[in-house]
Amino acid sequence: MNQRIATIDRRTRETAISLTLNLDGRGRLKGSSTIPFVDHMFDALARHGHFDIALKAKGDTQVDDHHLTEDLGIALGEAIAKALGNKKGIARYGNFLVPMDEALSYVAIDLCNRPYFVCKVKWAHAKIGRFDGLLIEHFFESVAMSARMNLHMAVKYGKQPHHIAESLFKGFARALAQAVAIDPRVKGIPSTKGKL
């Protein structure tokens, strides 16, 4: 099997990011985003998806975490798309239901090359330490658009914003792992059109 690894270097006036993604890894995160809560979520993403992620990032977090969080989503989405290449032999779809204490999230993915994002989350409040939990929705929207995937996320219920966020990231990791998995029954592109 070809190595499914991609490196994305994204530099703007607001951020500088280097992200390497190995879809067939061992679940290891190396490096940092400089935002502690985002690092915690990237660690969950790596571990639960069995992806290896090397990350070096910095941004204008003295303003707030918005620009860096958004650009991390763009970089991750681009890395997913690049690592998948022509998508031959992949399962294409993935979905997962994840409990995290009182929170329950459902995530569904289609790696269809048609970007679409739906997120149904109600926050009682969205502050997670100093991190604005509302940025999580924007992060995943950026991932979906850049990876050109359908991404649907719904929190069925939950109170603690940390638990809600963690269930979304773990659900995304597990659903993505299913979708990118090589299925030996799939010959060529997994589409009736013959093209994604």
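Could you work out how far the C-alpha centroid of the stretch 51-115 sits from that of the stretch 128-196, in angstrom? With the stretch 51-115 and the stretch 128-196 each reduced to a Cα centre, they are spaced 6 Å.
Between 0 and 90 degrees, the angle of helix 161-180 with respect to the longest Cα principal axis of the chain falls at about 10 degrees. Taking the Cα centre of the stretch 5-180 as the origin and placing charges on Cβ (Lys, Arg +1; Asp, Glu -1), which of A91, L151, F37 is farthest toward the positive end of the dipole? It is A91, whose Cα lies furthest towards the positive end.
About its Cα centre, the dipole of the stretch 5-180 is roughly 520 debye, where the only charges are +1 on Lys and Arg Cβ and -1 on Asp and Glu Cβ. When you count the other C-beta atoms within 10 angstrom of each residue and take the mean per peptide, 65-76, 113-124 line up highest first as 65-76, 113-124. Taking θ as phi - 60° and the Karplus parameters 6.51, -1.76 and 1.60, the scalar couplings of the stretch 11-23 work out to 10, 10, 5, 10, 9, 9, 10, 10, 9, 10, 10, 10, 5 Hz in sequence order, x denoting glycine and proline. Rounded to whole numbers, the Karplus 3J(HN,Hα) couplings from phi for the stretch 124-132 are 5, 8, 10, 7, 10, x, 9, 8, 8 Hz, using 6.51 cos²θ - 1.76 cosθ + 1.60 with θ = phi - 60°, and x at Gly and Pro. Exceedance of the 20 Å cut-off in Cα-Cα distance is limited, within the set K58/K170; K56/K127; K87/K187; K120/K170; K170/K193; K87/K156, to K58/K170; K56/K127; K170/K193; K87/K156.
Close amide H pairs (under 5 Å, H built 1.01 Å from N) link R4 with L23, D24, residues at least 5 positions away or on another chain.
From helices alone, the chain scores -11000 deg cm²/dmol at 222 nm; the rule is -39500 (n - 2.57) for each run of n ≥ 4 DSSP H residues, then divide by the residue total.
Peptide packing: for 32-41, 179-188, the average count of neighbouring Cβ atoms within 10 Å per residue gives the ranking 32-41, 179-188, highest mean first.
Taking 0.36 nm per residue of separation and subtracting the Cα-Cα distance, full extension of the segment from L134 to K195 would add 18.5 nm.
Exposure proxy shown here: for I189, I136, the number of other Cβ atoms within 10 Å sets the order, fewest to most, as I189, I136. Given their separation in residues at 0.36 nm each and the Cα-Cα distance between them, K159 and Q3 gain 52.1 nm when the chain is fully extended. Ranking of R130, R13 by neighbouring Cβ atoms within 10 Å, starting from the fewest: R13, R130.
Coordinate-derived values only; no laboratory data. What you see is a predicted model; the values in this text were computed from it and never measured. Cβ coordinates were reconstructed from backbone atoms using ideal geometry, including for glycine residues, and neighbour counts include every protein chain displayed.
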